[in-house]
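First up is the structure itself, then whatever we jot down about it.
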Amino acid sequence: MAFLFLSSCETSFLSQDPVPVKSASSSAGIIITPPILRLYGFQGFSYERLPDNSIGPVIAGVKITFTQHGGSTVRTVTTDANGFYRATLPAGSYYVTATLQGYEIYDSTPGFFVVTGTDGYETGNFFLRKLTYGFQGFTSVRNPDGSIGANLPAVTLTFTKNDGLYTTTVVSDASGYYKVNLPAGGYFSTAQKSGYGTYSSAPGIAIVDGLTYATYNFFLLH
């Protein structure tokens with residue numbers, strides 16, 4: 001789970017503030033008012049939320065996506081090495097997600113982040129927990145007679161969350177074992193290895209309960 005804190009910050013987006021400027025070429029001292037571009041949106045940091053609920057270190061590489069409610073604006077930014085991001089946005093209401101492999105997903109839905117267009121960059125900080133659940137199991141050969149054969153190493157396994165927010169790939173080890181951390185939810189999965197039939201769960205999904213590593217074994221026909 002992630003938590004959001006909002007507070008006012010500085011400056012604004014595509015507003016035109018008249019600033020009197022004296023023309024250098026006119027002895028009459030004509031006053032012109034050129035537009036000044038000002039920016040607004042959200043900025044802040046991503047942090048790790050520790051098991052005791054305290055705030056841990058900043059997290060780099062978090063992908064933060066703002067999708068305007070009832071509009072066409074979709075903007076994605078990524079936190080830098082200091083965990084900082086800034087997203088310049090038109091005024092409006094935005095659904096927001098924050099994702100990084102190995103961490104829980106933050107999704108504001110059904111709530112919004114609101115850009116007023118007058119308060120400048122507001123602060124939205126994100127707090128993500130490391131994942132401690134997902135799937136584990138073995139990849140094995142499925143013999144032509146339907147029986148289970150030897151464990152199969154180096155099988156590429158891909159897990160895609162059914163809402164499209166998270167995809168990750170792992171490879172089974174020399175013993176055919178794999179373990180993958182995943183946010184809670186339903187997942188489509190595929191298993192591939194050269195020389196073997198490809199497995200795809202679609203349209204079926206497997207469920208991560210958010211509590212444990214569920215056993216999920218894969219069997220490829222040779």
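Each reported figure results from applying straightforward, stated rules to the coordinates on display, with no laboratory input. Quick caveat: nothing in here was measured; it's all calculated off a predicted structure. Neighbour counts run over all protein chains shown; Cβ positions are idealised from the backbone, glycine included.
Numbers at a glance
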| quantity | calculated |
| --- | --- |
| Aspartates and glutamates with Cα under 20 Å of K179, excluding same-chain neighbours fewer than 8 positions away | E104, D209 |
| Cβ-based net charge around D173, under 15 Å, with every Lys or Arg adding one and every Asp or Glu removing one | +2 |
| Euclidean distance between Cα centres, the stretch 47-107 to the stretch 131-175, Å | 29 Å |
| Net charge of neighbours whose Cβ lies under 11 Å from the Cβ of L157, counting Lys and Arg as +1 and Asp and Glu as -1 | +2 |
| Estimated FRET transfer efficiency (A206, I30; beta-carbon r; R0 45 Å; 0.05) | 0.05 |
